[in-house]
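Before any comments, here is the structure.
The values are calculated or read from the model by the stated rules, or taken from the named source; none is laboratory data. All values reported here derive from a predicted model rather than from experimental measurement. Here the Cβ is made from the backbone with ideal geometry for all residues, glycine too, and neighbour counts use every protein chain on show.
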Amino acid sequence: MRIHCPYCGERPAEEFTFQGDADVRRPQGNEPSQMDEWFDYVYLRENPRGRMKEYWHHSGGCRSWLIVERDTDSHEVFGVTAARERKLSPQRKRAS
């Protein structure tokens, strides 16, 4: 499998470290009433078959965090974006 890093170009998957599902949302608070949410976030993850977005770290290259959309069955990669782009609001993007 090859992954197209937005900064380094197309690279072999061995340069990257898989970091999990990019669509899982972290709980917002630390209240005792939210401990069940934290338990689910940390320990209970889906392992779907098919197309999904995943975090990958380019640990053997530029060390950037990426979001790779790929098919977990065929390993076909549909797209790659820098994870930092997902975190920025539209207002912050215009300001830079």
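Checking the range 18-36 against the condition returns a match, with at least one residue being over 23 Å from ALA82 (Cα atoms), modelled with pLDDT of 90 or more and over 14 Å from the mean Cα position of the chain (by Cα).
Only one of the listed residues (ARG63, ARG45) is in contact with an Asp or Glu (Cβ under 9 Å, 6 or more places away or on another chain), assigned to a loop (DSSP other than H, G, I, E, B) and exposed (fewer than 13 other Cβ atoms within 10 Å of the Cβ). That residue is ARG45.
Restricting attention to the range 1-25, the residues that are part of a strand (DSSP E or B) and either over 15 Å from GLY79 (Cα atoms) or of a type outside the set (A, V, I, L, M) (or both) total 12.
Here GLN28 fulfils each of the conditions (1) free of Cβ contacts under 8 Å to residues at least 12 places away in the same chain; (2) not aliphatic (A, V, I, L, M); (3) not in a loop (DSSP other than H, G, I, E, B) apart from (3).
Within the range 48-60, can you find the residues that are in a strand (DSSP E or B) and without any contact (Cβ under 8 Å) to a residue 40 or more places away in the chain? Quick ask: steps written out before the conclusion?
Narrowing the range 48-60 to residues in a strand (DSSP E or B): 51-57.
Across the range 48-60, the qualifying residues are ARG51, MET52, LYS53, GLU54, TYR55.
On inspection, ARG63 does not qualify as at pLDDT below 90 and of a type in the set (Lys, Arg).
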